[in-house]
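Here is the structure we will look at, set down as structure tokens.
The values are calculated or read from the model by the stated rules, or taken from the named source; none is laboratory data. All values reported here derive from a predicted model rather than from experimental measurement. Note: ideal-geometry Cβ built from the backbone for every residue, glycine included; neighbour counts use all protein chains shown.
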Amino acid sequence: MGVSHASSTKSHSETEDDRRLRERIRENPGPALRWAAGMFLLFIAEAGALFQTIGRLLVAVTENLPGTPGVETANWLAWKAQTVPTLLSRETIPNQGHWNGSEWVGTFAGLEPAQAWGLRLALIYLYGCLFVLALWYGYLTYRSAYRTMDWTPRDDQLRRLRHNNWGMFGLTVVILFLIMAAFAPAMSPTTIDQNIQEPYSYEISYWNDDLGQVSTILVGDANFQSVSKGNPSQNVGIMQSDDFGRFHPFGTMNNGKDLFTIIAFGSRISLFIGVTAISIAGTIATLLALATAYFKGLADLTVVLVSDSIQSVPSLMLLIAAGYLFSDTWVATLYDGAVLLALLFALIYWPGMWRAIRGPSFQVAQEEWVDAARSYGQRPLRLMRTHMLPYIMGYLLVYASMSFAGVIISTAGLSFIGFGINAPTPSWGRAINAGQPFVAQASWHISLIPGILITILCVGFNALGDGIRDAIDPESDTDPGEGEGGAAGGGA
Amino acid sequence: MSRHQYLARRILLSFPVLIIAGTIAFAMVYLGPIDPVVAILGQQYTPEAAAQIRENLGMNKPLWGQYINFMTSMFTLDLGQSWVINPGQSAKNVIWSYTPRTIWLGFWAVLIPLFIGIPMGFYAGLNSNSWNDYLTSFGGIVWRAMPNFWLAVILMTILANSEQMFGFDWAGWLVPTDIVTPPDLAFLASPADALFEPASFWWTPGDDGSFVGALKQILPAALVLGSASMGNEMRIGRTAVLETINSNYIETARAKGLTRRVIVWKHVFRNAMIPLVPIITSEAYLLLGGSVLVELVFAINGIGYLFLQSIISGDLPLAGTLIFLFSVLLIVINIAQDFLYTVIDPRVGYQED
């Protein structure tokens, strides 16, 4: 396997390269500076949002730690972060305003709320795409200006992925989803506090047609009067505004809350669960795969037995049962149950991931260079990291991408029956459940939109997985059954 | 390693797996953060009643005694009693009374995808890179990615409103049935009727239901539950046909002057079936897990529904029993698959596992 041989030498020399990368940049700082300047501009534009997110995260973490150490400092930091300006925020391009009889007040440049929101959405996606391109450009800069090797197998794999339309389609879908999750607060037409969590603590102004003047109303009352309940007279559908001048890109829920806001914040929690679960499961699977491939025998047998046992329990049932059992514990209160779900998914998914990379690990463990490294007296840990890990990384990515789809479907399924993420944190599954009675009526958007988005996202993750597989192993005969179980989310 | 040895090893290895699976079920019921006695009693909690149940469940013994009790009763299939769902009934009876509908659902959920997914996959493989191929493949991928519970909701609504939407009344078609209802399987009790009273067995939906009626009632749920497998079978069937077609022995057969029909039916399809076998396992896995949500949406009171009810109402011993039974079922299916595999493909077991 010439490919894997070369990739292992690459990673080996990369550790030495890391030491000298700084020197090489010092010798030829031009390209790196240009790239850094671009990144700095992108960073400045969104510095406020970044600081605020970090501040909120710090507050959440310190509040949940025993004894709440440093919570005052965190609160102060989060408060300070609000003063840092952000380019793409609802403050810079506001879409929430009201009609005063002759013009729109409070919206960006006097545009209609829908146009102002559309502009913000477009700019956010533009920014997100620029950011991704900047990262890619950074890699290209490193490759052309600072890498010592002219060519590595990774170059070929990336080239194959870039020319694989199906895989690039998947990557695009995934990136769009990531941007939505990252920019959920700025992207949604209203804030989660105002519209979903404390609608009776906020007041909005609107143009009262009956009185012919601007009146004020509590958000909760306004929500109550813009519900989508099936019949056309009580419905705020896709791309419609309600009676209070509020624009709802995906319409409203059956309780009058904005569906787009729920979807955007729901994508955030799905992403959190997916990333946490897959990275824990992937770490466990990688460590075990390396260990079992290196030591074989009893170590392998033990892991086979344990993973078979976990896989023999239907995953949805395990999730439902565990969700019930832990419902009163403190773990279930973290992020409204998302942390618990993520841990459970990690437990359920590592056996599948380990199975998927077990074969490639065994293959690489039999290669001569592993023997050679061993006979040179290299320690097992270092040997596994430098000579085996790079080879199995790609296979892990394939399965991880497909498992991600499974996690998202399962999370939605669990929330659908009330076992997943608790209210008030928004989730896609609960939206589908709420819209169930209205599917055949005017308010079909409540159930249909989240479902269609889940489908597109899962197709995207599967396509990305296919693309990576074709890229790392162009002649692979698609292993039947491999990854399929994970992709379907245990039947949810 | 010969294939018999391989199979023997697989069966031997399944025993420790069974024990670990049983331990997981035990841990859930007796070691979880919720006391099963408290869960069973719920609002009616009194210390006397609690002591009574504790005694009955054998929870006054030390933990290892409880563990041995639990495991022996599981392995001898003496499953204890139901506490909340059907108080006083033996768990075995309760589970048996819910089983037939799940089996009926599972049977069709396996069969329908087999007869739709594989032919479509083979068709796409034989006509690779045509528009029909792209359409079929893409359809399969999307069909597979749709969440089952969502698909169930949509399908159910469409069927309930088929009259207004398409001018086709699903509920009244062939045999009048309700849409969201468990299938009536009482007709299966007298299988002899299939020959002697064919009308009442196959067709007339009397008090005891009929074959066609029950099939029609289960069809939407089976279609949803089988959706993932259908997509998988299509994808893998397509790849398998493509690979077989391009192999050398097909070239030889073609050179010998065999007709296309003989090549396709005799040489391509038989070998293309091999990689489809392991799909059975993942299918069984999806069926068992997915039955919970699909049965809930279609209001089919089968095992998955029973499991959900037992969790919601706090009947933890029953839920633990069900989890264990499902594990046993999956392990058995796994071994059956391995056996089938050794029969179809003699090379199995000779390679490194």
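Would it be correct to say that residue A:418 is modelled with pLDDT of 85 or more, assigned by TED's automatic domain parsing to the domain that holds residue A:327, in a loop (DSSP other than H, G, I, E, B) and at positive phi? Can you show your working first?
On the way: modelled with pLDDT of 85 or more: yes; assigned by TED's automatic domain parsing to the domain that holds residue A:327: yes; in a loop (DSSP other than H, G, I, E, B): yes; at positive phi: yes.
Yes; evaluated as a whole, the condition is true for this residue.
Which ones in segment B:277-299 are of a type in the set (Phe, Trp, Tyr) and either in a helix (DSSP H, G or I) or surrounded by fewer than 22 Cβ atoms within 10 Å (Cβ to Cβ) (or both)?
Residues of segment B:277-299 that are of a type in the set (Phe, Trp, Tyr), as a first pass: B:285, B:298.
The answer is B:285, and nothing else.
Return the residues of segment A:421-448 that are among the aliphatic types (A, V, I, L, M), more than 9 Å from chain B (Cβ to nearest Cβ) and in a loop (DSSP other than H, G, I, E, B); say none if nothing qualifies. Listed by number, the residues that qualify are A:421, A:423, A:442. When A:295, A:326 are checked against the criterion of being over 21 Å from residue B:331 (Cβ atoms), in contact with a Leu (Cβ under 7 Å, 6 or more places away or on another chain) and of a type in the set (A, V, I, L, M, F, W, C), a single residue qualifies: A:326. Could you pull out every one of the helices (runs of 4 or more DSSP H) wholly within segment A:130-223 that has 2 or more residues that are within 28 Å of residue A:106 (Cβ to Cβ) and hydrophobic (A, V, I, L, M, F, W, C)? It comes to A:165-182, A:184-187. A search for C-beta distances below 6 Å between a residue of segment B:144-169 that is within 7 Å of chain A (Cβ to nearest Cβ) and surrounded by 15 or more Cβ atoms within 10 Å (Cβ to Cβ) and any residue that is aromatic (Phe, Trp, Tyr) and assigned to a helix (DSSP H, G or I), counting only pairs 6+ apart in sequence or on different chains, returns B:149/A:416.
For residue A:158, indicate whether it is surrounded by fewer than 17 Cβ atoms within 10 Å (Cβ to Cβ), within 22 Å of residue A:117 (Cα to Cα) and at pLDDT 90 or above. No: the conditions fail for residue A:158. Here residue A:304 fulfils each of the conditions (1) surrounded by fewer than 23 Cβ atoms within 10 Å (Cβ to Cβ); (2) away from chain B (no Cβ under 14 Å); (3) farther than 29 Å from residue A:420 by Cα; (4) of a type outside the set (S, T, N, Q) apart from (2).
Show me the helices (runs of 4 or more DSSP H) entirely contained within segment B:182-267 in which 3 or more residues are surrounded by fewer than 18 Cβ atoms within 10 Å (Cβ to Cβ), more than 14 Å from every other protein chain (Cβ to nearest Cβ) and at pLDDT 85 or above.
Numbers: elements: B:193-196, B:211-225, B:227-245, B:248-256.
Result: B:248-256.
Specify the residue that is farthest from residue B:149 (Cα to Cα); the eligible residues are those in segment B:193-249 that are of a type in the set (Val, Ile, Thr) and touching a residue at least 40 places away in the same chain (Cβ under 8 Å). Spell out how you get there, then give the answer.
Going residue by residue through segment B:193-249, those that are of a type in the set (Val, Ile, Thr) are B:204, B:212, B:218, B:224, B:236, B:239, B:241, B:244-245.
With touching a residue at least 40 places away in the same chain (Cβ under 8 Å) added as a condition, the list becomes B:218, B:224, B:236, B:239, B:241, B:245.
Numbers: B:218: 15, B:224: 8, B:236: 24, B:239: 28, B:241: 32, B:245: 38 Å.
Across segment B:193-249, the extreme among qualifying residues is B:245.
Whether a residue is loosely packed, with under 13 Cβ neighbours inside 10 Å and touching a strand residue (DSSP E or B) at 6+ places or on another chain (Cβ under 8 Å) was assessed, and residue B:88 passes this test. Among the conditions (1) more than 14 Å from residue B:318 (Cβ to Cβ); (2) surrounded by 15 or more Cβ atoms within 10 Å (Cβ to Cβ), residue B:94 misses just one, which is (1). So is residue A:358 farther than 21 Å from residue A:466 by Cβ and assigned to a helix (DSSP H, G or I) or not? No: the conditions fail for residue A:358.
May I ask you to verify whether residue A:396 is touching a residue at least 12 places away in the same chain (Cβ under 8 Å), over 28 Å from residue B:242 (Cα atoms) and either buried (at least 19 other Cβ atoms within 10 Å of the Cβ) or touching a strand residue (DSSP E or B) at 6+ places or on another chain (Cβ under 7 Å) (or both)? Full working, then the answer.
Details: touching a residue at least 12 places away in the same chain (Cβ under 8 Å): yes; over 28 Å from residue B:242 (Cα atoms): no; either buried (at least 19 other Cβ atoms within 10 Å of the Cβ) or touching a strand residue (DSSP E or B) at 6+ places or on another chain (Cβ under 7 Å) (or both): yes.
Here the answer is no, as residue A:396 does not meet what is asked.
This table checks each residue for (1) touching a Pro at 6+ places or on another chain (Cβ under 9 Å); (2) farther than 26 Å from residue A:459 by Cα; (3) of a type in the set (Lys, Arg).
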site: A:358; (1), (2), (3): no, no, yes
site: A:365; (1), (2), (3): no, yes, no
site: A:371; (1), (2), (3): no, yes, no
site: A:376; (1), (2), (3): no, yes, no
site: A:385; (1), (2), (3): no, yes, yes
site: A:389; (1), (2), (3): no, yes, no
site: A:400; (1), (2), (3): no, no, no
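Kindly indicate the residue of segment A:449-492 that is part of a loop (DSSP other than H, G, I, E, B) and modelled with pLDDT of 60 or more and also nearest to the other protein chains (Cβ to nearest Cβ) among those meeting that condition. Here the residue is A:492.
Table: residues versus (1) at pLDDT below 80; (2) under 25 Å from the mean Cα position of the chain (by Cα).
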| position | (1), (2) |
| --- | --- |
| B:59 | yes, no |
| B:62 | no, no |
| B:70 | no, no |
| B:75 | no, yes |
| B:79 | yes, yes |
| B:97 | no, yes |
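You will find that of B:274, B:333, the residue that is surrounded by fewer than 24 Cβ atoms within 10 Å (Cβ to Cβ) and either hydroxyl-bearing (Ser, Thr, Tyr) or in the same structural domain as residue B:11 (by TED's automatic domain parsing) (or both) is B:333 and no other. The residue of segment A:174-223 that is nearest to residue A:101 (Cα to Cα), among those that are in contact with an Asp or Glu (Cβ under 7 Å, 6 or more places away or on another chain) and surrounded by fewer than 16 Cβ atoms within 10 Å (Cβ to Cβ), is A:216. Against the conditions (1) more than 11 Å from chain A (Cβ to nearest Cβ); (2) at negative phi; (3) at pLDDT 85 or above, residue B:299 satisfies every one except (2).
Considering only segment A:224-265, state which residues are of a type in the set (Ser, Thr, Tyr), within 24 Å of residue A:453 (Cα to Cα) and surrounded by fewer than 18 Cβ atoms within 10 Å (Cβ to Cβ). Before you say what the answer is, go through the steps one by one.
Taking segment A:224-265 as the starting set, the residues that turn out to be of a type in the set (Ser, Thr, Tyr) are A:226, A:228, A:233, A:241, A:252, A:261.
With within 24 Å of residue A:453 (Cα to Cα) added as a condition, the list becomes A:226, A:228, A:241, A:252, A:261.
Within segment A:224-265, just A:241 meets the criteria.
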